Amino acid sequence: MDIGDAFVRSSKRGKPLQTVSRAHSRIARYGNSHALHGIDPFWKGAMILRMSLPWRSLLLYSLPLLAAAGFWHAAFPIAREDQDSTKTQITWLAQISSERDAQLQLVKDFERENPDISVRVLWVPPNQYQVKLKTLLAAGLVPDVFNTGDIWLAYMLPFLKDLTEFTERDADDMDLEDFYPDVRNEMFKGGKCFYVPVSMNVSLLYYNEKLFEDRGVEPPTADWTWSDYIDAGQKLTGMNAEDRQVWGSTITGGWWGEWLILVRQAGGEIFSEDGRRCLLDTPEAIEGLTFYADKMLSQKISPPAGRGPSTGFASGLYAMSLGGHASSWITYNQVPGLDWNVQVLPAGPAGREGGEVALAAYGMASTSKHPEAAWRFIKFLTSPDAMERTGGTGLPVRQSVAAKTLLAPERKSHPRDAGIVYEQLKFSRTIPRLPDFIEVTMQIIQPEIDLLLEGRQSPEEAARRATASANAFLDTLAVETKGDSR
Amino acid sequence: MKARTETFWFWLFAGPAVVGFLIFAFIPMLWSLYLSLCRYDVIHPPEFIGLSNYFYLLRNDPAFWPSVKVTAVFALVNVPASLVSALAVAILLNQKVFLQGAFRTVFFLPSILPAAASTAVFVFIFDPDNGLLNSLLAGVGITGPAWLTSSEWALPTLILISLWGFGSAMLIFLGSLQGISQELNEAAAIDGAGTWSRFRNVTLPQISPVIFFNLVMGVIGALKVFDLAFAFGAAQGKEPGGPARATLFYVLNLYDKGFNYFHMGLASAMAWLLFIVVVALTVFNFWAAKKWVHYNN
Amino acid sequence: MHRRHPIATLFIYLTLVVGAMVMLFPLAWMVLTSLKTFPEVLQDPPAFLPTEVQWTNYGEVFTGFKFHRFLLNSMFVTAMSLGGTILSCCTAAYAFAFLRFRYRSLIFGLLLSSMMLPGQVTVIPMFKLFVTLGWVDTFLPLVIPSWLGTNVFAIFLLRQFFLTIPFSYIEAARLDGASEWRILWSLVVPMSWPIVVTVSLFTFLGSWNDLFGPLIYLHSEELYTLPIGLLYFISQSSAMQGGAGNTPWHLVMALATVMVLPIIAIFFLVQKQFIAGLAQGGAKG
């Protein structure tokens, strides 16, 4: 009997015939109505031995799986499996940047010079870097060499190898004296070395020479104070010849880049020396925050929160920018007609001290199986020659490299006064070495700063609320209170 | 069929799903319940600390209650608005119209665009100074708000953008509308019932199970929303959730704690609180459904 | 049938056309941007149409990074997830619909409850599991769960639809000596074709657009899928421009267009089946 007939028969128990015949025809359409009779003996045998059927199904079920596994192995050999077993392989978790091609070339040169070592490079976008690194750490797939620097140092300490021994042994070979003294101090802070710097960023006062000239305002000088900055900013704010709004200065929102400088220049600090207390509610810190918000809210030399040309200083519609980042230099120099220069930061109530310096560096995993090979690679990447070839995203940390690139007399591109970088460096500090610095600053303090900039709370309120929440965090969740000996 | 054989088939058919449930849902759930009572940074072994994570969240964490509020507002506006627009478009597309298939595709399309691409478009539309919308508003003399970059407007803007994605709910409505009995409708028409009355008394009751289904799924989806805020943060080159936590959805907060800063214990505690709320809401929905959902049998 | 009032017709078309324009705008903008030059993209205020169509953007995307590889990877992962989901979810839905077992409702209820779980909760334990198995940096974590019926939503949808099939059909087929396996694939699935198509479509979309899974499980560039490739492409090409403010949106949009095209094509293809199936579903009431 046909399955369809079975339906017709069963349908007599009150189902409308139309539905059944429709179901029947649908089955016919999908080619199964010849179902159960007149088919091969295997099927029939299988049907008699009912218990054997499940095994058949099981087989059917697993076949695609097996096929998949086979296909996958054939079609997708995993890169790390076809490594050359005679070589020591090290892994480098590299950050994607404009220097990618130059860095790849460096890897090739390194492998040529060191035929016993091969380098596997994993490229990661900058904004995914920390999550990727931590995911790999959690998976136990720690790369031998990875990017670090002062910002992540405190967090990364448990996974970083102490390189002091290597740097002492190879001090001459590396030419440690070539690093700028401030950089070297930072590198050996506390007597131990956990990374080798490769480039840096120093916060500066950026200014648009053309806008200053157009308005007849004297360009910034090294003895400027906060009030000079505001005065100039007010003179520069207004409509330009093309009837477009020009602003005296950018205001950096969304992260600590600008407000931390101002807090420090007012004599305040974000965390106590031991990292256990937030100090943002001190009168000095509040003075810094007030200056930061007033630029926009009362002096009006910066556009309201979230407004203004989205490309920032590069738009050519801002006369000044306080802080900034060296990685933007490439962009600035691509904008036709953007004549820009730099000056040291204007001095705050507590003096010039307080700009931020951030070091980009290479570190080695404490679990690396090939520390010698990894060290050779780090040494290679931080040699003067390599730095010279990959310096696009930051400022040189070696004097010999700076002399050949940034400070070279024949250098034509902006800024003209590049030497200012190393003047400002003397007045700059890194962010505090606190494992939770980024989390506390971005997740707890920054939202209060956002509200401050929108004029929805006063600097005092912002400081008080940020400090209370930050302290609650430091008391309960901070890495240091976790009880292990970091 | 013999009960034993039936049991055998049951396990053969449902077995993989049950195994999958145990491995990928049940055991991880129990594990995360345990983790929610621990301090755990993924790299060091978990350390038991009792209910501290829950206390921290409910009492100290400055981000917890704002993220609850953001999610609640989103769910309260997004769910009804999506349901109504999905149903309305489904009703229109259920009429005999020219290019019916093309219209159906067009209304479904936005829900399948990759987030990276569609967010870029919306960021351009809602840019406060150069954006399309504010340029149009300026044309009629209105100064538009700062949309995504303002803590007051960011959430309403995201809710507005989320309405583009009603496509799958619309398709499910469309399917159910095509399944309703035309005889009843025509009988009602012969009895002299007007369009609205027919919709209210014939169509709505018949599709009420599907409305209920979309409601339950919509509520669960709205409470778990994550991609939206995350993608918009990335597209603007900013930390997701801002400004001033205005778009810090609950699960985004959970993700930040767990994956950006590796407080897995806290993240697990957040997940369990959310789980309890979702279960409670779903139970409530099922209870309330007795009053308005009509099943044919 | 009643004739529609002309004003009603006008209203319907007006709403549909305006709505369609609003809905289409993101896609249209995406395609148009993909045909512009970089200065045109940065132009302020932006122009809607490119002055000259730049097909070369597409060439740049195809040659600029390992597009073929990523496409192949995406196809593979999606196909495997789709196969696994259909197989494991159809069988499970059949079991929960037609096979009597004492704890069936309890088990089904438990499965459904996992739908309410935020996915982020299970990520860490699962990640630890895959680390232990040594599956990190392979496709297995993206594919294997789908073979074990983890798409509970699909099981739920399928079961609901299966239940509309009169049980007498199943009984009749059993009387005829058909195995449960055969009843499922020769009777139940063909009768439930619309929902199978729907579930396939949703599974396809979920897998094709999945970003989170590849982000945490795939670390080698050779294994990247398209969404993560897109992310890396954006990051890399903006890094090349020196800073995040200068994303080359014309290239990003070209890549996104290429990524969306298969989805649109597949939707168009199954749409006929889909709509026809939905209409057939009418008989089930």
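Rule-based calculations on the coordinates, nothing more; no lab input. Being a predicted model, the structure only gives us computed values, none of them experimental. Note that each Cβ is placed from the backbone with ideal geometry, even for glycine, and that neighbours are counted across all protein chains shown.
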**Asked** Which percent of Cα pairs goes in each bin when the distances of region A:339-457 are cut into 10 angstrom slices starting at zero?
**Response** 10, 26, 31, 23, 9, 1
**Prompt:** Among B:246-258, B:209-221, C:191-203, how do they line up from the highest to the lowest mean number of other beta-carbon atoms within 10 Å?
**Reply:** B:246-258, C:191-203, B:209-221
**Request:** Per residue of B:239-252, count partner chain C-beta atoms within 10 Å of its C-beta, then hand back the mean as an integer.
**Result:** 4
**Request:** Could you work out, residue by residue across C:167-178, how many beta carbons of other chains sit within 10 Å of that residue's beta carbon, and then give the average as an integer?
**Result:** 6
**Complete:** Given backbone amide H placed at 1.01 Å from N, residues whose amide H is under 5 Å from that of A:A361, ignoring those fewer than 5 places away on the same chain, are A:T148, A:G149, A:V198
**Message:** Using helices alone, I'd like the mean residue ellipticity at 222 nm for the protein assembly as shown: each DSSP H run of four-plus residues gives -39500 (n - 2.57), total over residue count, nearest 500.
**Reply:** -17500 deg cm²/dmol
**Complete:** Cα extents of region C:1-121 per principal axis, largest first, Å, are 69, 56, 29
**Item:** Karplus 3J(HN,Hα) series, Hz, for region B:238-243 with 6.51 cos²θ - 1.76 cosθ + 1.60 (x for Gly, Pro)
**Value:** 10, 5, x, x, x, x
**Message:** Taking beta carbons within 10 Å but only from partner chains, what does the mean come to for residues B:92-98?
**Reply:** 4
**Prompt:** One-quarter of the Cα convex hull surface for region B:161-297, in nm²?
**Reply:** 11.2
**Message:** From the C-alpha coordinates alone, can you work out the Kirkwood hydrodynamic radius of region C:65-192, in Å?
**Reply:** 16.7
**Prompt:** Once phi is turned into ³J(HN,Hα) by the Karplus curve 6.51 cos²θ - 1.76 cosθ + 1.60 with θ = phi - 60°, what whole-Hz value does each residue of region B:66-72 show in order, with x for glycine and proline?
**Reply:** x, 6, 5, 5, 4, 5, 5
**Prompt:** Over region B:1-143, what lengths in whole Å, largest first, do the semi-axes of the equivalent ellipsoid take, defined as the square roots of 5 times the eigenvalues of the alpha-carbon gyration tensor?
**Reply:** 43, 34, 15
**Prompt:** Which value in Å does the Kirkwood hydrodynamic radius of region C:84-125 take, with 1/r averaged over all unlike C-alpha pairs and then inverted?
**Reply:** 11.8
**Request:** Just the ratio, please: alpha-carbon radius of gyration of region B:108-175 over 2.2 N^0.38 Å, N its number of residues.
**Result:** 1.29
**Relative intensity, log₁₀ I(q)/I(0), of chain B from a Debye sum that treats every alpha carbon as a point, q = 0.08, 0.16 Å⁻¹** = -0.50, -1.31
**Item:** Nearby lysines by direct alpha-carbon distance to A:K300 (threshold 30 angstrom, same-chain neighbours under 8 apart not counted)
**Value:** A:K210, A:K235, B:K238
**Whole-angstrom Cα spans of chain C along principal axes, big to small** = 72, 67, 30
**Fill in**
Under the Karplus relation with 6.51, -1.76 and 1.60 and θ = phi - 60°, whole-Hz ³J(HN,Hα) for region B:76-92, x at Gly and Pro, equal 5, 8, 5, 4, x, 5, 5, 4, 5, 5, 4, 5, 4, 5, 4, 5, 4
**Item:** For region B:70-120 and region A:274-340, distance of Cα centres in Å
**Value:** 40
**Dimensionless Rg ratio for region A:184-240, taking C-alpha atoms and the 2.2 N^0.38 Å reference** = 1.81
**Asked** So which chymotrypsin sites (Phe, Trp or Tyr not before Pro) in region B:32-119 end up in coil per DSSP with only 16 or fewer other C-beta atoms within 10 Å?
**Response** B:F98
**Message:** Restricting everything to alpha-carbon atoms, can you work out Rg to Rh for region B:174-238 with a Kirkwood hydrodynamic radius?
**Reply:** 1.31
**Prompt:** Which of the pairs A:K108/A:K132; A:K192/A:K295; A:K192/A:K369 have their Cα atoms more than 32 Å apart in this structure?
**Reply:** A:K192/A:K295
**Asked** In µm²/s, what is D for region A:240-306 at 25 °C and 0.890 mPa s, where D = kT/(6 pi eta Rh) by Stokes-Einstein and Rh is the Kirkwood radius from Cα pairs?
**Response** 186
**Prompt:** What are the residues whose amide H is under 5 Å from the amide H of A:D436, where those residues sit 5 or more places off or on another chain and H is modelled from the backbone?
**Reply:** A:V479
**Asked** With axes computed from alpha carbons, what is the tilt in degrees of helix C:249-280 against the longest principal axis of chain C, rounded to the nearest 10 within 0 to 90?
**Response** 30
**Amide hydrogen neighbours beyond the local backbone of A:T88, cut-off 5 Å, H modeled** = A:I117, A:S118
**Prompt:** Taking only the alpha carbons of the protein assembly as shown, what extent do you get along each of the three principal axes, in Å, biggest first?
**Reply:** 100, 73, 58
